[in-house]
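Participant: To start, I am sharing the structure in question, which I have written as structure tokens.
The values are calculated or read from the model by the stated rules, or taken from the named source; none is laboratory data. These figures come from a predicted structure and were not determined experimentally. Cβ coordinates were reconstructed from backbone atoms using ideal geometry, including for glycine residues, and neighbour counts include every protein chain displayed. Remember, those area values only see protein heavy atoms, side chains included, never the ligands or the DNA or RNA. Shrake-Rupley method; radii C 1.70, N 1.55, O 1.52, S 1.80 Å.
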Amino acid sequence: MRHCVLLLRIAQHGSLTRVAEDMATSQPAITKALAELESMFGAELFDRSVRGMAPTALGKIALAHARAMVHDLDHLARDMEAVAAGHTAHLYAGIIPFISGQIISSAIQSTTSAGDQRLLMTLREGDSHHLLDELRNHTLDLVVARASATLNIQDLDFEVLYTQQPRLISSRRLAAQLARRAPDWHQLAQLDWILGAVHTPEREQVSTVFLEAGITPPTPLVESYSTKLIGELIASNDEAISIVPADVAEELVRIAGVAIVPYSFNWTLPPIALFTRQRDQRRQAHVLLANALREAGRRIAGGG
């Protein structure tokens, strides 16, 4: 572990002098430790230049494994603390924002109230690409994200949980006006769009709808990953509009006071899936949460 930490510090600082300062030791000691490590591998792990130290091809592989080992050791310590406090384990899960909080809450509730199988959980929100990177380096144990063709998932296992239908949301006043006529994408393009960040599946689908209608996609007034913020902005602006997943739209109706415009779309969003590492031994904690999410997916697919 000492060597793993050393590798990570060198990659972070790019200078043995700064690493020595960070680790409160001398530069000769750091130089000697790196030499020992490179001797074990039989090759240099870092290229040295006037610009600093950069990992070699072998160094990048060693760094990836070092990060995973350090995260695994940290998770082991957290699991031990959780068990000592009477829990089954401490699970780290990544969740993309455009999933109903009610669904995640229901899944968590079913895993944290299962008698002697109570879990401690740390949840992290983010975009699919970032969360899957954290799954690969063992920061996260599993990820609930969208199974999109734009993702690199060759080294991961995944299971589709459910699909989401798109819904157009606006203020109640605007929804009443729009509901009186069929969708007019030229008119809709003139409104204040509140959308997720570029390159997200939701954003790309909205752009596709306008392009298929022969219209340049609108530039959003606000880009945000926060569904709560999207709901608040739309509820308070009679010119604002957005397209979000149906389960998120229904939640925003309840908590933010938005309205769903009764338009039907002939497309669905990429499915929500559970991602885990390949060849990763499934712990009991994984199985508990996976089962709960699977059940939530079945309820959505069945309309319940």
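Participant: Give the percent of DSSP beta bridges with both residues in the chain that are antiparallel, rounded to the nearest 5. Intermediate values should be presented prior to the final figure.
Facilitator: Details: 23 of 36 bridges.
Given both bridge residues lie in the chain, the antiparallel proportion sits at roughly 65 percent.
Participant: What's the magnitude of the charge dipole for the chain around its Cα centre, counting Lys and Arg as +1 and Asp and Glu as -1 at the beta-carbon? Answer in Debye, nearest 20.
Facilitator: Details: 28 positive and 33 negative charges, 48 e Å.
Taking the Cα centre of the chain as origin, the dipole is about 240 debye.
Participant: Using the Kirkwood radius over Cα pairs, work out the Stokes-Einstein diffusion coefficient for the chain at 37 °C and 0.692 mPa s, in µm²/s as a whole number. Walk me through the numbers on the way to the answer.
Facilitator: Details: Rh = 22.2 Å.
Approximately 148 µm²/s, per Stokes-Einstein.
Participant: Quick check: with the 1.4 Å probe, what order do W193, W267 take by accessible area, largest first? Mind showing how you got there, number by number?
Facilitator: Numbers: W193 0, W267 35 Å².
Per-residue accessible area, sorted high to low, gives W267, W193.
Participant: Gap in Å between the Cα centre of the range 218-236 and the Cα centre of the range 144-167?
Facilitator: Rounded to whole Å, the Cα centres lie 24 Å apart.
Participant: Indicate the helices, whole DSSP H runs only, in the chain that combine a mean Kyte-Doolittle hydropathy of -1.0 or more with a Cα extent along their long axis of 18 angstrom or more.
Facilitator: On the way: long enough: 27-41 (21 Å, 0.31); 57-84 (41 Å, 0.34); 284-301 (26 Å, 0.08).
Helix filter hits for the chain: 27-41, 57-84, 284-301.
Participant: Between Rg and the Kirkwood Rh of the range 154-226, both from Cα atoms, what is the Rg to Rh ratio? Don't jump to the answer; show the numbers that get you there.
Facilitator: Numbers: Rg = 14.9 Å, Rh = 14.3 Å.
Over the Cα atoms of the range 154-226, Rg/Rh equals 1.04.
Participant: Here is a further query. Rounded, prolate or oblate: which fits the range 128-272, taking a ≥ b ≥ c as square roots of the Cα gyration tensor eigenvalues, rounded meaning a/c under 1.5, else prolate when a/b beats b/c? Let's see the in-between values first.
Facilitator: Numbers: a/c = 2.13, a/b = 1.76, b/c = 1.21.
The shape class here is prolate.
Participant: What does the C-alpha gyration tensor say about the overall shape of the range 1-71? Classify as rounded when a/c is under 1.5, otherwise prolate if a/b is larger than b/c, or oblate. Spell out each step's value before the answer.
Facilitator: Details: a/c = 1.38, a/b = 1.17, b/c = 1.18.
It is rounded, given that a/c, with a ≥ b ≥ c, falls under 1.5.
Participant: Just from its helices, what would the mean residue ellipticity at 222 nm be for the chain, if runs of 4 or more DSSP H residues each count -39500 (n - 2.57) and the sum is divided by every residue, rounded to the nearest 500 deg cm²/dmol? Write out the running numbers ahead of the final one.
Facilitator: Values: 12 runs with 143 residues, N = 304.
Theoretical 222 nm ellipticity from helices: -14500 deg cm²/dmol.
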